[in-house]
Protein chains: 2
Amino acid sequence: MSPAAPLADDLLPMREACVQAAREAIAEQGLEKLSLRDVARRLGVSHQAPYKHFPSRDHLLAEVLQRCYEAFADALEARQRFDDPAADMESLGRAYIRYAVGNPLEYRLMFGNDWPEAAEYAEMYRAGLRAFDVLRAALRRLYGKGVPKAKVDADAMFVWSSIHGLVSILQVSCCDHLDLATKVEAGLADHQLGMITHALRAASGASGAG
Amino acid sequence: MSPAAPLADDLLPMREACVQAAREAIAEQGLEKLSLRDVARRLGVSHQAPYKHFPSRDHLLAEVLQRCYEAFADALEARQRFDDPAADMESLGRAYIRYAVGNPLEYRLMFGNDWPEAAEYAEMYRAGLRAFDVLRAALRRLYGKGVPKAKVDADAMFVWSSIHGLVSILQVSCCDHLDLATKVEAGLADHQLGMITHALRAASGASGAG
């Protein structure tokens, strides 16, 4: 093998190398500047090489997003489990916040932009849906059998958006200027999860879950 | 006056023209590309002209943000008022959602990025704080006199972040792929506000506000 051959080709299949280079490009320059040409340049391969694996920039982006959703869903599945369904819901919320705070770039990528839209991105949609279904499953356990799908869906959207909102606010700096009482900021995650628990309990007719 | 004089100088003071041009530049190209040089180009004035009013790009951005927060706080203050404090809280939530959905660019600008940080931007911080204080005042009315500031602050953060999360999710397209039950999406705002009301009521010891 020639010593001049591109390193990435030696170490990883080209498809994997493209995904990795795309993540680096997004981290450094933002999503808007992602292009197959830039990915090729980063890998030291011809402009055409990435096109053998990804027909367009959006196909590559969909693959990056799919990996993000899979890792995210795995992290949610790997939460500490509790027999008590309400404690398990809170644990899920904690796992969500921990993942988002620990992976801000991936988090913004998953939830801060429109998804690329095309039937070919079915695998990406499936991975995103899997993450959401972790939450739906936890809610079904909380409410018990026979709960209508519309209730699970509506409450899943409430839980998700409430946690997403807190995570998004924590990722920008504006809290620093809101004159919050001491210790409020440190307790935000606990308080948010506690309020979500209150709301779910009230919405389930105070059936005493948890 | 010479007919070759720049139009913007004729119609508006330069400071106002810069703010307007900055908003247009952000709308067209995103926040990252905002520069005083580009603003000058848009106004057809010399590169130096904007510097007479704004020492830096961040000073101009802080002024744009300040206007956004003022308009936002005005919209919250202009909500439909109710004697019942719980109904007033929901009305505030509705006014928030309406403003965010109707002004997506301004909304993203206010809450999707770090604030420029410097003591000189005190007016911007004050405008942002005024919007947050509308929410704190509504909560104090809900809870009654003597409620600790820490409780108001923590619950204000809960209400704000829960509504912010929903608004942020509605501004991207991922809901379309979550296999939500029919009508859930149309009812998201009402459901979110209802769940927030549940949580506030439970957190205030079911004191029956509203």
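We did not get these values from a lab; they are worked out from the coordinates using the rules stated. The structure presented is a predicted model; accordingly, all values stated were derived computationally and were not measured. No Cβ is skipped: glycine too gets one built from the backbone with ideal geometry, and neighbour counts run over all protein chains shown.
Excluding B:Arg140 itself, calculate the net charge of residues whose Cβ lies under 12 Å from the Cβ of B:Arg140, where each Lys or Arg counts +1 and each Asp or Glu counts -1.
Neighbourhood net charge equals +1.
Using the Kirkwood radius over C-alpha pairs as Rh, can you work out the diffusion coefficient of chain A via Stokes-Einstein at 10 °C, viscosity 1.306 mPa s, in µm² per second?
Rounded to a whole number, D works out at 82 µm²/s.
Which one of A:His53, A:Gly128, A:Ala150 has its Cα pushed farthest toward the positive end of the charge dipole of chain A, where Lys and Arg give +1 and Asp and Glu give -1 at the Cβ?
A:Ala150
Would you mind pulling out the separation of the Cα centroids of region B:169-189 and region A:12-44, in Å?
Region B:169-189 and region A:12-44 have Cα centres separated by 31 Å.
Nm distances between the label at A:Ser173 and the same-position labels in the remaining copies, 7 Å along Cα→Cβ, shortest first?
Listed shortest first, these distances are 3.3 nm.
What does the charge dipole of the protein assembly as shown about its Cα centre add up to, to the nearest 20 debye, if the Cβ of each Lys and Arg holds +1 and the Cβ of each Asp and Glu holds -1?
Dipole of the protein assembly as shown, to the nearest 20 debye: 580 debye.
Would you please state which residues of region A:132-150 a label at B:Thr182 would reach in this model, taking the label point 7 Å out along Cα→Cβ and a backbone N cut-off of under 17 Å?
The answer is A:148-150, whose backbone nitrogens lie closer than 17 Å to the label point.
Would you mind giving the average projected area, over all directions, of the Cα convex hull of the protein assembly as shown in nm² with one decimal?
26.5 nm²
With labels modelled as points extended 7 Å from the Cα through the Cβ direction, what inter-label distance (nm, one decimal) is found for A:Phe82 paired with A:Arg37?
Output for this residue pair reads 5.4 nm.
Please compute, for peptide A:182-189, the average count of beta-carbon atoms on other protein chains lying within 10 Å of each residue's beta-carbon.
Going residue by residue through A:182-189 and averaging, the value is 3.
Take the alpha-carbon centre of region B:46-73, take the same for region A:135-166, and report the distance between them in whole Å.
Centre-to-centre distance over Cα atoms comes out at 43 Å.
State, as an integer percentage, the relative contact order of region A:62-203 based on alpha-carbon contacts under 8 Å between residues 6 or more apart.
Relative contact order here is 32 percent.
Setting aside same-chain residues fewer than 8 positions from A:Lys183, which lysines have a Cα under 30 Å from its Cα?
B:Lys145, B:Lys149, B:Lys151
Suppose you put the label 7 Å out from Cα in the Cβ direction; list, shortest first and in nm with one decimal, how far A:Asp83 is from each other copy's label.
In ascending order, 5.2 nm.
Under 18 Å between alpha carbons, and skipping anything fewer than 8 positions from A:Lys33 in its own chain: which lysines qualify?
A:Lys33 reaches B:Lys33.
Place a +1 charge on the Cβ of each Lys and Arg in chain B and a -1 charge on the Cβ of each Asp and Glu, then give the dipole magnitude about the Cα centre in debye, rounded to the nearest 20.
400 debye
Between chains A and B there is a rotation axis; tell me the chain A residue with the nearest beta carbon and how many whole Å away it sits.
Taking the axis that maps A onto B, the answer comes out as A:Gly165, 1.
One decimal, nm, shortest first: give the distances between the label point of A:Asn113 and those of the same position in the other copies, each label point 7 Å from Cα along Cα→Cβ.
Here A:Asn113 shows inter-copy label distances of 1.7 nm.
FRET efficiency for B:Asn113 and A:Val147, Cβ-Cβ distance as r, R0 = 56 Å, nearest 0.05?
0.90
Counting only helical runs of four or more DSSP H residues, what would the 222 nm mean residue ellipticity of the protein assembly as shown come to if each run contributes -39,500 (n - 2.57) and the total is spread over all its residues?
-21000 deg cm²/dmol
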